[in-house]
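Here's the structure, in structure tokens; my notes come after.
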Amino acid sequence: MELVLAALSAGAAAGLTDTASSAVREAYAGLRESVRLRLAARGEGGVLEAGESGEAGEVGSDAWRDRLRELLVAVGIDSDEEILAAARSLLRDIGLAEPRDGAGFVDARQAKGVQIGDHNMQTNTFN
């Protein structure tokens, strides 16, 4: 499920840029449509559009991800090998690694003064 969430968030963010390749846009659209169809069976197909349009906050916001996570669990997305394969493929196309089981997905390419990991200590001095 975290794999699908990471791919949807990364694909939505990448798809909003002018630099996204057509392959990335097509891979995201395919994954998004597959997930939308699974959610539509429960009457929840609009949750993806709400997250992308800002109704639930920014694309990939915590509120959107929490609601989507809840729905993905309800539809058993972790047992859909086709959707999981599409998510892995999209992440590879974007150039991001698949998150490890139990690990969060972090894209810190533009970040400054960030430390990723558990039980770390960092001191920053900004002038």
*Tally time: how many residues in the stretch 76-96 are modelled with pLDDT of 90 or more and among the β-branched types (Val, Ile, Thr)?*
1
*asked:* Going by what's in this entry, would Ala27 be described as at pLDDT 80 or above, aliphatic (A, V, I, L, M) and exposed (fewer than 14 other Cβ atoms within 10 Å of the Cβ)?
replied: no
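The values are calculated or read from the model by the stated rules, or taken from the named source; none is laboratory data. Every value quoted in this text rests on a predicted model; they were computed, and no experiment measured them. Every residue, glycine as well, gets a Cβ built from its backbone with ideal geometry; the counts of neighbours run over all protein chains shown.
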